[in-house]
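The values are calculated or read from the model by the stated rules, or taken from the named source; none is laboratory data. Treat the numbers as computed from the prediction; the structure is a model and nothing was measured. FYI the Cβ positions are ideal-geometry reconstructions off the backbone, even for glycines, and counts take in every protein chain you see. For accessibility, only protein heavy atoms count, side chains too; no ligands or nucleic acids. Shrake-Rupley method; radii C 1.70, N 1.55, O 1.52, S 1.80 Å.
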Amino acid sequence: MKHPKTVLSALAAAALLALGAAASAQTARIANQGDALSLDPHSLNESLQLSVNSNAYEALVGWNKKLEMVPMLATAWKQTSPTVWRFELRKGVQFHDGKPFTADDVVFTLGRIMVDGSDMKSYGTDIKETRKVDDHTVEIETKAPQPILPQILSQVYIMSKKWCEENKAERPVDRRKGVENTASFKTNGTGPYHVRERQPGVRTVFVRNPRYWGKVEGNVQEVVFTPIANAATRVAALLSGEVDVMEPVPVQDIARVNANPNTRVLEGPELRTVFLGMDQKRDELLFSNIKGKNPFKDKRVRQAFYQAIDIAGIQKTVMRGASRPTALMVGPGINGWTEAQDKRLPYDVEAAKKLMAEAGYPNGFEVSMNCPNDRYVNDGQICQAVSANLARIGVKINLQAETKGTYFPKILRRDTSFYMLAWTPSTYDGHNALNALMRCPDEKTGAGQFNLGSYCNPKLDELTVKIGAETDKAKRDAMMKEAFKIHIDDVGHLPLHQQTLAWGASKKVELTQLADNFMPFKWITIK
């Protein structure tokens, strides 16, 4: 019998055969460790899904290759009063089905992201009302002054009101419940590509949109996007020429990919911060041997976990140097980050043991930990290392690592006691992380939508609201620093690191690597 690692799964083999058959001068074959779980742009606020869908859908504003804000479906915007933004919409734009893009679609979309089933509610937290002025003008009124509203809307992709109504897709489907609708499998945006074929977990084929209003810098007419979860299979597919681009390249294979005469690795810092969260709301943890109380409600336990994690060891052994340990929930490149605050508590097992004893757990306890194994760089291995670290202070971790397709619905239901997550602020501003990850959860407004352990400090909430409305940069940055200090002092989460991007590409391919890990197909050229 062959060793399991030498045998391709039937699924992977079929995908690679399909890739080979699709190869042509203007076809880009792209592989990723995971898949977009849905084509509905409002069903899951996850970077890979947003990146894939951004090739078919567009927002009012976007970002160029330097991550500078640029017009997209809006050509101009301004504040007409402290709480009102006016957006002038691009004329002559059509959706994939030929329907014209108008203000009705903007009003509809900003309502759609706030209904049950949407994973994008945190983007509309500050919006009071969206009004149609005429077919190509909208006004968005906010609950308080919001100086960075255009940035906030940069990942709210506009959908056709008429198409959604015709296809019974007026509401996003809830990924937590595994529900799907037409928008899960078909695209109808204004972007440069639309989906011709969708086989979830196998492949998704994009083709150029002949009605596209904008310029496509690259020459790619077709993109075959294929999830290949197995890292060795993904690397082999690149080295053999069966795929043109793949990510991530495992850190241990970077030198091999660079040594191959036909391939190279594009490396760079990523804005994403990887962290661990803990259930701090329930009176008794769902998955622990401690009954009648919740150890994570005690700051001493949270700090003990923090100081028991050998982050330098993880950086060296698991990440092979391709990470930057962090004390903050945001990293360099995000407004609000400062080097002065980014100082981790020392790794100190004895101090951690003492804290556990003071909290009443001298012998530790048992708890389950949920992790993905195909979403972040070496995510499963990181969780294994954390589990081994925590064993030194008597904590027995029951590690449950699984594919993101089942992982995200589970933790987004808050069906977890201890979990891994990572976050890239879509606005490149710290307020985004405060609002989505650290505010007390409020299902109605979308605040704290991804604060899955329900950490809560009213003072941080108060500051986050003030930061959102403050127009003076110095005052705003000072309040952000204060809010981050509260979270640090509370040990609200356990920040780990910012990972390094590593994309593998054929030397025949020209593409742009962005620090937010988005991959616009319109910038890809095959020579």
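Using the Cβ of Leu73 as centre and a radius below 11 Å, the other residues enclosed give a net charge of -1, where K and R count +1 and D and E count -1.
For the stretch 403-419, the Karplus equation 6.51 cos²θ - 1.76 cosθ + 1.60, evaluated at θ = phi - 60°, returns couplings of 4, 5, x, 9, 5, 4, x, 5, 6, 5, 7, 6, 8, 7, 10, 7, 8 Hz by residue, with Gly and Pro reported as x. Dipole orientation for the chain: of the candidates Thr338, Cys371, Gly446, Cys371 has the Cα lying most toward the positive pole (charges on Cβ; Lys, Arg +1; Asp, Glu -1).
Measuring between their Cα centroids, the stretch 456-473 and the stretch 315-389 lie 27 Å from each other.
Taking all C-alpha pairs of the stretch 343-407, those more than 20 Å from each other amount to 38 percent. Legend note: in the chain, cysteines whose Cβ sits 4.7 Å or more from every other cysteine Cβ are Cys164. Rolling a 1.4 angstrom probe over the protein heavy atoms with all chains in place gives the chain an accessible area of 38 Å² per residue.
Starting from 0 in steps of 10 Å, tell me what percent of the Cα-Cα pairs of the stretch 210-302 lands in each bin. Calculated over all Cα pairs of the stretch 210-302, the distribution is 12, 25, 19, 18, 17, 10, 0 percent.
Along the axis of the charge dipole computed for the stretch 462-527 (Cβ charges of +1 for Lys and Arg, -1 for Asp and Glu, origin at the Cα centre), the listed residues Asn517, Leu494, Ala474 are led at the positive end by Asn517.
Estimated from the Cβ-Cβ distance and a Förster radius of 35 angstrom, the FRET efficiency linking Arg413 and Lys507 is about 0.20.
Equivalent ellipsoid of the stretch 280-357: semi-axes from √(5λ) of the C-alpha gyration tensor, largest first, are 28, 16, 13 Å. Think of each Lys and Arg Cβ as +1 and each Asp and Glu Cβ as -1; about the Cα centre, that makes the dipole of the chain roughly 640 debye.
For Val179, nonlocal amide neighbours, meaning residues 5 or more places apart or on other chains whose placed amide H falls under 5 Å from its own, are Asp174. Relative to the current alpha-carbon distance between Ala340 and Val202, full extension at 0.36 nm per residue lengthens the span by 45.1 nm. Distance from the Cα centroid of the stretch 476-503 to that of the stretch 192-227 is 36 Å (rounded to whole angstrom).
Accessible area of the chain with a 1.4 Å probe: how many percent of it is carbon plus sulfur? Exposed carbon and sulfur together represent 51 percent of the surface.
Histogrammed with a bin width of 5 Å, the alpha carbon distances of the stretch 92-164 distribute as 3, 16, 26, 26, 19, 8, 2, 0 percent, first bin at zero. Charged neighbours of Phe521, selected by a Cβ distance under 11 Å, balance to 0 (K, R count +1; D, E count -1).
Summed over qualifying helices (DSSP H, 4 residues or more, each -39500 (n - 2.57)) and divided by its residue number, the chain shows a 222 nm mean residue ellipticity of -7000 deg cm²/dmol. Per the Cα gyration tensor, the stretch 139-237 maps to an equivalent ellipsoid with semi-axes of 29, 20, 18 Å, ordered largest to smallest.
Sorting the segments 496-509, 127-140 by their residues' average number of neighbouring beta-carbon atoms within 10 angstrom, most packed first, yields 496-509, 127-140.
Each residue of the stretch 329-345 was assigned a 3J(HN,Hα) from its phi angle through the Karplus curve 6.51 cos²θ - 1.76 cosθ + 1.60 (θ = phi - 60°); the sequence is 7, 9, x, x, x, 9, 4, x, 6, 9, 4, 4, 7, 8, 10, 6, 4 Hz, with glycine and proline shown as x.
Distances between placed amide hydrogens fall under 5 Å for Thr137 paired with Leu89, Ala103, all partners being 5 or more residues away or on another chain. The phi torsions of the stretch 70-83, fed into the Karplus equation with coefficients 6.51, -1.76 and 1.60 and a -60° offset, translate into couplings of 9, x, 10, 7, 9, 9, 7, 7, 7, 8, 8, 7, x, 10 Hz, rounded to whole numbers, with Gly and Pro shown as x. Treating each Cα of the stretch 416-527 as an identical point scatterer and summing with the Debye formula, the log10 of I(q)/I(0) at q = 0.20, 0.24 Å⁻¹ comes to -1.06, -1.38. Expressed as a fraction of 2.2 N^0.38 Å, the C-alpha radius of gyration for the stretch 251-389 is 1.24. Can you flag which of Lys66/Lys299; Lys128/Lys281; Lys410/Lys475; Lys161/Lys475; Lys132/Lys485 are past 31 Å Cα-Cα? The answer is Lys66/Lys299; Lys410/Lys475; Lys161/Lys475; Lys132/Lys485.
If you take all other residues with their beta carbon under 13 Å from the beta carbon of Tyr428, and give Lys and Arg +1 and Asp and Glu -1, the sum is -2. Averaging 1/r over each pair of different alpha-carbon atoms in the stretch 32-171 and inverting the result gives 15.4 Å, the Kirkwood hydrodynamic radius. Inverting the pair-averaged 1/r between distinct Cα atoms of the chain gives 23.9 Å as its Kirkwood hydrodynamic radius.
Projecting the Cα atoms of Phe418, Ala391, Thr403 onto the charge dipole of the stretch 363-448 (Cβ charges, centred on the Cα centre) puts Ala391 farthest toward the positive pole.
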